[in-house]
Amino acid sequence: MGLLNEGALTLLYLAPEALASAATVRRLARAAPRLLAIDEAHCISEWGESFRPSYLALGAVRAQLGYPPTIALTATATPRTAREIVSRLALRDPLRVSGGFDRANLYLEVRAVDGEHARLTQLLTLARGAPGPAVVYAGTRRDTERLAGAYRRIGIAAAPFHAGLPTDERSRLQDRFLDNRVSTIVATNAFGMGVDKPDVRLVVHSVPPLTLEAYYQEAGRGGRDGKLAHCVLLLGPDDLKRARARILGGTVTPDLLARLVVLFEATRPQGVVGGEKGGVRLLAHALDVAPRDVEIALRLLAESGALVPAGGAGRLRVVATPARLHADRNIVSDDATALLRLMAEYPGSASDGAHLSMREIARIAPDGDASRFLQRIASRQLAVWRPSDLAWRMRHHPPYAVLEQLASRHATRSARDAWRHAQVARMVTATRCRRTVLLRYFGDAGPPGPCGACDVCGTLS
């Protein structure tokens, strides 16, 4: 930020999470940026891939910067998502440019499997027969590790990739894949951002993703050189049913939120203390509801700012290297300084992790706020925090009208997620051109007749 203050920068690249710092936004506002460019802008929308909540705050950030001219870029925005991006950013009469969604060199196929053994057999067969580099998307981190091991046992140079790996290890894996030292990456959806390997010939989804946005983003890693790429999705007999049950699991009402708030205030002034999962189970038992309901309620109260994690202790492992903390201008300088200080004072924090109390972390945190500091460094994948016990603290007692809004927000999200997953189900069970079903979801008419590039319309040539 020093160069910014000196007026020496022509371009500043920041993760949206960095803009959660009010001090950072004030510095940017003083610099009066002439253009705000937002990549992966579909994340701004509740109907986009909202796995990074900081995107939802960019409208307020833009206002604080004085509404500079703004460009919002995305490859997977439905018409509804595009409207919400315009609304949330308060764009006035924006110019809309769309290059079309169809990529005819991607051959789309859905293969039914009748169980887990058949799924593994297909995964092994596909990777063994891949005509070039392959990306295989798995559902969980554990699945990536297991499947990569299975590939290596049959002689395929494979490696797992997920957000739980240290940053420098993920970078090394991406480099090895780009250099063809690894032929197959087995990944969660953490893989792909910023990876532009042109000759990926095979993309496999071991299970259906939850949204068509996710599917097309991930399938789109194939064939970036314009040549044919094979995109295969495996569909088990219960995959769609299980995913829908996960999406619809959890019921939150204003009454549950109100009872939870009262329970916090009645138990002890600063909150309820217990192991992360143990605390949830205790709360669920006290309220006679399912733990899943409590988890959602806690998240909603935290989103509103009424509830914050506080107290307790845990193990903090810094995954960013000192070299990256010194050189990476995307990292807020105060956070980088704090992490370097932490590694100096607690040498084990860069290897196995250091066991620290929240008070010790607050002493190092730039603004003295341990909770916000941990949230920032975790969201930017600079460090991994594992609480050994967790306390929740009520910042304020939200009025019942706010609790009604939170419950309504959850109901709206659940309905949205269920609808979006239903569109995945439509595509993977389609008896007509899959490409047409997919493209129309994104507002593109698609080919006038059979596309010849999906398993419904033609055969892979």
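The values are calculated or read from the model by the stated rules, or taken from the named source; none is laboratory data. Please read all numbers here as calculations on a predicted model, not as lab measurements. For neighbour counting, all protein chains shown are included, and Cβ atoms are generated from backbone atoms with ideal geometry for every residue, glycine included.
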### Task
Would you please name the residue that is surrounded by the fewest Cβ atoms within 10 Å (Cβ to Cβ), looking only at residues in the range 390-410 that are free of Cβ contacts under 8 Å to residues at least 40 places away in the same chain and more than 27 Å from the chain's Cα centre (by Cα)?
Ala401
### Task
Scan Ser349, Ser333, Ser371 and give me the residue that is among the polar types (S, T, N, Q) and either in the same structural domain as Pro16 (by TED's automatic domain parsing) or within 24 Å of Leu301 (Cβ to Cβ) (or both).
Ser371
### Query
Looking at the range 409-432, is at least one residue part of a loop (DSSP other than H, G, I, E, B) and either closer than 23 Å to Glu295 by Cα or of a type in the set (A, V, I, L, M, F, W, C) (or both)?
yes
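Step by step: first the residues of the range 434-456, then only those that are part of a loop (DSSP other than H, G, I, E, B) and under 28 Å from the mean Cα position of the chain (by Cα), then the one that is surrounded by the most Cβ atoms within 10 Å (Cβ to Cβ). Which residue is that?
Just the residues of the range 434-456 that are part of a loop (DSSP other than H, G, I, E, B), to begin with: 442-453, 455-456.
Pick out the ones that are also under 28 Å from the mean Cα position of the chain (by Cα) and you get 442-444.
Details: Phe442: 21, Gly443: 14, Asp444: 16.
The residue in question is Phe442.
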### Message
Condition check: surrounded by 19 or more Cβ atoms within 10 Å (Cβ to Cβ) and small (Gly, Ala, Ser). Does Ala187 satisfy that?
### Response
yes
### Query
Given Arg341, Arg299, Arg315, which one is modelled with pLDDT of 90 or more and out of contact with any Phe, Trp or Tyr (no Cβ under 7 Å at 6 or more places or on another chain)?
Arg341
### Query
If you take the residues in the range 83-117 that are out of contact with any Ser or Thr (no Cβ under 7 Å at 6 or more places or on another chain), closer than 30 Å to Ile38 by Cβ and among the hydrophobic types (A, V, I, L, M, F, W, C), which one is surrounded by the most Cβ atoms within 10 Å (Cβ to Cβ)?
Leu108
#### Entry: Verdict on Leu356 being in contact (Cβ under 8 Å) with a residue 40 or more places away in the chain and under 30 Å from Leu248 (Cβ atoms)
no
### strands (runs of 3 or more DSSP E) (entirely within the range 161-258) containing at least 1 residues that are touching a residue at least 60 places away in the same chain (Cβ under 8 Å) and in contact with a strand residue (DSSP E or B) (Cβ under 6 Å, 6 or more places away or on another chain)
202-205, 229-235
#### Entry: Given (1) farther than 23 Å from Ala20 by Cα; (2) of a type in the set (Val, Ile, Thr); (3) not in a helix (DSSP H, G or I), index of the condition Val384 fails
(1)
### Query
Can we say Arg329 is of a type in the set (Lys, Arg) and under 16 Å from Arg380 (Cβ atoms)?
yes
### Task
Quickly run through the range 182-211 and pick out the residues that are out of contact with any Pro (no Cβ under 8 Å at 6 or more places or on another chain), modelled with pLDDT of 95 or more and hydroxyl-bearing (Ser, Thr, Tyr).
Ser206
### Query
Can you tell me which residues in the range 326-362 are among the acidic types (Asp, Glu) and either in a helix (DSSP H, G or I) or closer than 23 Å to Arg26 by Cβ (or both)?
Asp328, Asp334, Asp335, Glu345, Glu360
### Task
Given the conditions (1) at pLDDT 75 or above; (2) surrounded by 15 or more Cβ atoms within 10 Å (Cβ to Cβ); (3) of a type outside the set (D, E, K, R), report the number of the one that Leu4 does not fulfil.
(1)
